[in-house]
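Beneath this line is the structure, given in structure tokens, with notes to follow.
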Amino acid sequence: MAEKQVPSTIKDEALVSKRRNQMIKGAVTLFIEKGFHKTTTREIAKASGFSIGTLYEYIRKKEDVLFLVCDSIYQRVKERMEDAIDPHQTSVQSLIHAIRSYFQLMDDMQDEVLVMYQEVKSLPRDAQDYVLQKERDMVAMLEQVIVNSLPGEHPDEEIKLIANNIFVQGQMWGFRRWILQRTFTIESYTDTQIQLLLKGLDKEETLQ
């Protein structure tokens, strides 16, 4: 699927990136407090630190801000996973390292993840499809590191399920944090999930 672009009247790409990052940060706070539908573009502009007129130089409508939030999440996940995954490593430790990196990012982005799961349904259909394709791409990265770490040990359907389980477990830290954080830190949550995964895979491995 081709990259989806949000039009801007500003041609300075560095400035567009800076302003949109301000929007994302301000919008996430508002969407958490009020929800997407009850938040106005004027409130987003104020939370972003500029006028409503300036806001509309960088987006066309409020849904564009929500799309930018979702797209930003997946771009950061992609970059983190690419940094964490060495395609030449074939040990279980490489899988453990990838899971740790992914879960830590989900901790760093708790608010963004919660907003995405609450509000992605508010996006237009084409934007939803684009965001969901991004998610499929992220799961595919996990599938590849599982294949590399456990070569030939599991059929394709099991690999897909394991990857999806890891993906959701990471995001669960964000949208179930109200209860999970009573018992776990992100470190103990990560260790426990990894231990359960390795036990299910019948693997003995030292967590590093």
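The values are calculated or read from the model by the stated rules, or taken from the named source; none is laboratory data. Since the structure is predicted, the reported quantities are computational estimates derived from the model, not experimental observations. A quick note on method: Cβ atoms are made from the backbone with ideal geometry, for glycine too, and the neighbour counts reach across all protein chains shown. For the accessible areas, the whole protein counts, side chains as well, though only heavy atoms, and no ligand, DNA or RNA atoms are used. Shrake-Rupley method; radii C 1.70, N 1.55, O 1.52, S 1.80 Å.
Look through Asp202, Asp156 and report the one residue that is on the phi > 0 side of the Ramachandran plot and charged (D, E, K, R).
So the residue among Asp202, Asp156 that is on the phi > 0 side of the Ramachandran plot and charged (D, E, K, R) is Asp202.
Take Phe36 and decide whether it is assigned to a loop (DSSP other than H, G, I, E, B), open to solvent by less than 60 Å² (accessible area, probe 1.4 Å) and under 30 Å from Asp137 (Cβ atoms).
Here the answer is yes, as Phe36 does meet what is asked.
Give the range 26-57 a look and list any residue that's closer than 22 Å to Lys121 by Cβ and charged (D, E, K, R), or say none.
Scanning the range 26-57 gives Glu33, Lys34, Lys38, Glu43.
Evaluate the range 106-116: report whether one residue or more is in contact (Cβ under 8 Å) with a residue 40 or more places away in the chain, among the charged types (D, E, K, R) and surrounded by fewer than 17 Cβ atoms within 10 Å (Cβ to Cβ).
yes
I want to confirm something. Restricting to the range 11-28 and keeping residues that are β-branched (Val, Ile, Thr) and either surrounded by 17 or more Cβ atoms within 10 Å (Cβ to Cβ) or over 20 Å from Gln75 (Cβ atoms) (or both), which single residue is modelled with the highest pLDDT?
Going through the qualifying residues, I end up with Ile24.
For the range 176-208, name all the residues that are at pLDDT below 95, within 19 Å of the chain's Cα centre (by Cα) and open to solvent by 70 Å² or more (accessible area, probe 1.4 Å).
Those that are at pLDDT below 95, within 19 Å of the chain's Cα centre (by Cα) and open to solvent by 70 Å² or more (accessible area, probe 1.4 Å): Arg176, Trp178.
One line per residue, one yes/no per condition, for (1) under 22 Å from the mean Cα position of the chain (by Cα); (2) among the aromatic types (Phe, Trp, Tyr):
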site	(1), (2)
Lys11	no, no
Lys18	yes, no
Met23	yes, no
Lys34	yes, no
Glu43	no, no
Gly49	no, no
Tyr56	no, yes
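Looking at this structure, is Val139 surrounded by 19 or more Cβ atoms within 10 Å (Cβ to Cβ) and among the β-branched types (Val, Ile, Thr)?
no
Among residues belonging to the range 142-175 that are among the polar types (S, T, N, Q) and surrounded by fewer than 19 Cβ atoms within 10 Å (Cβ to Cβ), point out the one that is farthest from Gln110 (Cα to Cα).
Filtering first and then ranking leaves Asn148.
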